[in-house]
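To start, the structure under review is shown below, and the notes come after it.
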Amino acid sequence: QVQLVESGGDLVQPGGSLRLSCAASRSLSSMLAMGWYRQAPGKQRELVVGITSSGSTNYADSVKDRFTISTDNSKKTVYLQMNSLQPDDTAVYYCYARFESRNYWGQGTQVTVSS
């Protein structure tokens, strides 16, 4: 099993930045893939970015050139750097991991972009 704990969500003004963290209970190198999804009120959960064990990334078009995923294997943590945040980025952000053919999710962290 895998436990994931997100942190870093906050209220930020448009144009601002935030960095989300996702701490995993297992080594990141044991994961087939990891990444971030988000769910805005009244909307379906959508992929923000995924990263495979080989390091390949897949960003949603809406966040390309603004968001960056990174990993720190020594800390077993995945990060999501979010720049130029806009009100449409307001959502609960969920970390996920694919481990041994199962998907695991964190509890989510709220990001609110508002003036």
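Pairs of Cα atoms nearer than 8 Å and 6+ residues apart set the relative contact order; for segment 1-55 it is 27 percent.
Extension gain, Thr57 to Asn83, is 7.6 nm, computed as 0.36 nm per intervening residue step minus the present C-alpha separation.
At full extension, Gln107 and Glu46 could sit 20.4 nm farther apart than now, given 0.36 nm per residue minus the alpha carbon distance.
With coordinates expressed along the principal axes, the C-alpha atoms belonging to the chain extend over 41, 26, 23 Å, beginning with the largest.
Rolling a 1.4 Å probe over the protein heavy atoms of segment 35-115, with every protein chain left in place, gives an accessible area that is 41 percent carbon and sulfur. Largest to smallest in accessible area, the residues Leu4, Leu32 fall in the order Leu32, Leu4 (1.4 Å probe, all protein chains included). Here's the list of lysines a cross-link from Lys43 could span, going by alpha-carbon distance under 24 Å and ignoring same-chain residues fewer than 8 apart: Lys64. At the residue level, Asp61 shows approximately 130 square angstrom of accessible surface with a 1.4 angstrom probe and all protein chains present.
The values are calculated or read from the model by the stated rules, or taken from the named source; none is laboratory data. Bear in mind the structure is a predicted one, so any value in this text is a computation, not a measurement. For the accessible areas, the whole protein counts, side chains as well, though only heavy atoms, and no ligand, DNA or RNA atoms are used. Shrake-Rupley method; radii C 1.70, N 1.55, O 1.52, S 1.80 Å.
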